[in-house]
Every structure is written in structure tokens, then in C-alpha cells.
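> Right, I'll just put the structure down here and ask away after.
Every number in this text was worked out from the coordinates using simple rules, so none of it is lab data. These numbers come from a predicted model, not from an experiment. Reconstructed Cβ throughout: ideal geometry from the backbone, glycine too, with neighbour counts over all protein chains shown.
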Amino acid sequence: MMESSDPNRPEGPSDRRPRPEPPIDFGASFVVTADVGRVVPVSPTPVPTGRDSAFSPISPVPVSPPPAAPGTVGELPPFELKALRIVETGWGAGWRLREAPPRRPWMDEHTHAYHCLPLVVANQWGWEVLCPTDVRVTWDGSPDLTGLVVEVAPQFPPAVKSQFGRGILTFSPPWLFRTPPGWDLLAKGPANRWKENCVPLEGIIETWWLPYTFTFNWKLVAPGSVSFEEGEPLGQLVPIPHPTFAGAKAEEVPLETEPELAYQLSCWRDERRRRAGQRNQNHLMYRKAQDVRGHLVRVPVPPIGPRDGSEGKEQADPPGRS
């Protein structure tokens with residue numbers, strides 16, 4: 001393929017020769033985690049000031065070593081999320097954090113979806129970060145930072161931009177999140193919401209010791225344009241116990257090794273077959289937390305309501321639920 005003869009014309013996907021990427025050798029299995037024994041206090045470095053700085057000058061203070069994570073889930077302290085505001089104005093204006101609501105517009109159009117308890121629980125499991133302004137991005141398919149054009153209000157480029165290339169749009173919320181010792185945060189896209197041609201990236205952050213901010217990122221799948229509206233959920237924060245996988249294992253065994261569970265599954269299948277030809281085929285056993293014998297299981301899922309009346313419509317009980 002011949003290169004462009006016009007040096008002022010930006011390269012497009014068809015003008016660029018593919019760059020070979022070296023293979024990545026991850027070596028043996030590994031776990032990425034905080035090694036508290038090797039973390040030492042770091043003296044604060046001078047904080048930049050001026051027009052391009054998002055922070056005010058901070059006087060040096062003694063830095064304590066990070067806390068140790070509990071060894072088991074049972075040793076975890078109660079969860080509490082702290083969102084420490086870094087900046088209020090400029091690129092930090094307009095951001096909102098709210099409890100994730102149970103409703104979804106597509107589920108309102110097909111209210112039978114609200115009978116699926118796992119969907120409804122996942123919808124409201126955690127907190128949502130809302131987009132501070134209208135955003136429109138266009139990707140030309142190239143891996144370069146300039147390949148993603150971000151159209152946003154003048155004060156927001158420091159917080160909404162192409163930072164990593166390859167069609168990835170990065171949002172930088174104005175908070176430093178802190179959690180109790182041993183509690184991580186799963187930063188992900190909003191549950192059971194989607195955007196055409198754009199997918200959210202996920203990450204688990206050890207916010208119980210990490211003194212840094214993190215970003216929410218969406219990747220365009222193919223060249224094209226995608227928009228985010230002001231107030232639209234762009235991310236969800238879900239608490240995760242850090243020692244979840246300490247000593248954990250997974251195995252596949254025959255169902256017959258659990259005869260009582262096999263019997264309950266058989267009863268559930270019989271009930272499904274019995275209702276197959278009826279008008280109301282849904283037995284709602286899961287939704288009612290009812291086992292095959294009719295026993296009700298108390299599931300302590302606390303209700304999550306709005307802090308104020310601004311989101312009352314979306315937070316209301318879904319249609320068809322009592």
C-alpha cells in the first residue's frame with residue numbers, strides 16, 4: 001500500500017501499515033494484589049498548580065502505611081463507601097453519584113422482566129456514576145489517541161477524553177474513593193444497560209489502601225459515533241470482599257453426589273412441566289424466595305431508595321411487583 005503523498009493529510013485506517021505486536025509472556029500464574037509488607041510510606045511530591053492543575057497546593061503531612069486486609073470474608077468490617085470530592089468546579093462540576101435504581105427503560109417496555117429477581121437485584125447492586133455533560137465521540141478505527149474525536153463542553157476535556165487510544169473513551173470522576181480494610185470496588189458499566197457499538201471496560205480496584213483515583217472507560221467496537229447524555233449512567237461501583245478467592249476452589253462433580261439437592265431440582269422441574277400449558281406459567285418461586293416444599297427463605301436484600309426526590313420516578317417499585 002502506498003503512503004499518502006500529502007504530509008498535511010491525517011492518516012486513516014487504510015493509510016496505516018499494521019504494526020506487529022510482540023507476544024506477551026505472562027509466565028506462571030500470578031495474583032495481582034497489595035503486598036502490605038513491601039509498601040512503605042512515600043513522601044508527598046510537590047503538587048502542580050496553575051491553569052492546567054486540577055488540584056490546590058497541599059502541605060506535606062505524615063503518611064501512614066496502608067492497613068492490612070482481613071484474611072477471611074468473615075473478618076471484614078461493615079462496608080462504607082466514601083467518595084472524597086477532589087474538585088467542585090470546572091471539569092469537576094455536574095458529576096453525580098447515586099444508588100443504582102431497580103428500573104430500566106427496556107424493562108418498563110417489557111414488564112415481565114421485573115419478575116426476574118436476579119435482574120432486579122443486579123440493577124440496584126451498588127452505586128452509579130452519572131455523566132456530567134453531553135458527550136459525542138467519533139472513532140476512525142485507528143489505534144492513535146487522535147483517532148477518537150471527543151466533542152464536549154469546554155471545561156470537560158481534562159475529565160472526558162481519549163487517553164489510551166484504540167477507540168477508548170475515558171471518564172475521570174472528581175472523587176477519590178475509599179473503602180474499609182479488605183473491601184475492593186468493582187468498577188464496571190451500569191448493570192443491564194448497553195450502548196450500540198460501545199462496551200464498558202471493567203476493573204477491580206483495591207480502594208481500601210490505594211491513594212489514587214481511577215477512571216471509567218468505554219471502548220468503541222467499530223469505527224463510528226457514540227453519544228452520552230448528561231445524567232446518563234456511565235459506570236457502576238460494586239463492593240467486593242478482597243479475600244473472596246483466598247483458598248477458593250471450583251470443581252465439577254456429578255449431581256448425584258448431592259441427593260437432597262437433586263431431589264429439589266427434580267421437584268422444581270415437575271412444577272415447571274405442570275404449568276407448561278397454563279395461562280400463567282411462571283410459578284414465581286425464586287421471586288418469592290420459596291423452596292420446593294413451600295418454605296420461604298428470608299433474603300436480606302435492603303431496599304435502596306433515592307437520597308432526594310430527583311430520581312423518584314426511576315426508583316419507584318417496578319410494575320407488577322408487590
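> Each residue of segment 239-250 in order: what ³J(HN,Hα) in whole Hz does its phi give by Karplus 6.51 cos²θ - 1.76 cosθ + 1.60, θ = phi - 60°, with x for Gly and Pro?
Using θ = phi - 60°, the values come out as x, 9, x, 4, x, 3, 9, 5, x, 6, 8, 10 Hz.
> Using θ = phi - 60° and the Karplus form 6.51 cos²θ - 1.76 cosθ + 1.60, what ³J(HN,Hα) does each residue of segment 140-145 get, whole Hz, x for Gly and Pro?
8, x, 8, x, 6, 4
> Would you give the gap between the C-alpha center of segment 171-240 and the C-alpha center of segment 60-80, rounded to a whole Å?
23
> Over 18 Å between C-alpha atoms is what I'm after, so list which of Lys188/Lys219; Lys195/Lys219; Lys82/Lys219 land there. Walk me through the numbers on the way to the answer.
Numbers: Lys188/Lys219 12 Å; Lys195/Lys219 10 Å; Lys82/Lys219 28 Å.
Exceeds cut-off: Lys82/Lys219.
> Relative to 2.2 N^0.38 Å, what does the C-alpha radius of gyration of segment 71-250 come to as a ratio? Two decimals please. Please list the in-between numbers first.
Values: Rg = 17.4 Å, N = 180, 2.2 N^0.38 = 15.8 Å.
Cα-based Rg divided by the globular estimate yields 1.10.
> With a 10 Å Cβ neighbour count serving as the proxy for reagent exposure, in which order, fewest first, do Leu148, Leu130, Leu265 appear?
Numbers: Leu148 26, Leu130 20, Leu265 13.
Least to most surrounded, the residues fall as Leu265, Leu130, Leu148.
> Using θ = phi - 60° and the Karplus curve 6.51 cos²θ - 1.76 cosθ + 1.60, what whole-Hz ³J(HN,Hα) does each residue of segment 227-237 get, with Gly and Pro shown as x?
3J(HN,Hα) across segment 227-237, in whole Hz: 10, 10, 9, 4, x, 6, x, 10, x, 9, 10.
> Next up: Counting other C-beta atoms within 10 Å, which of Leu201, Leu84 has the fewest, and how do the rest follow? All intermediate terms of the calculation are to be shown ahead of the outcome.
Numbers: Leu201 17, Leu84 10.
The order, fewest Cβ neighbours first, is Leu84, Leu201.
> Counting other beta carbons within 10 Å of each residue's own, what order do Val149, Val87, Val61, Val160 fall into, fewest first? Write down the numbers at each step before the final one.
Working: Val149 12, Val87 17, Val61 7, Val160 23.
Fewest to most other Cβ atoms nearby, the residues stand as Val61, Val149, Val87, Val160.
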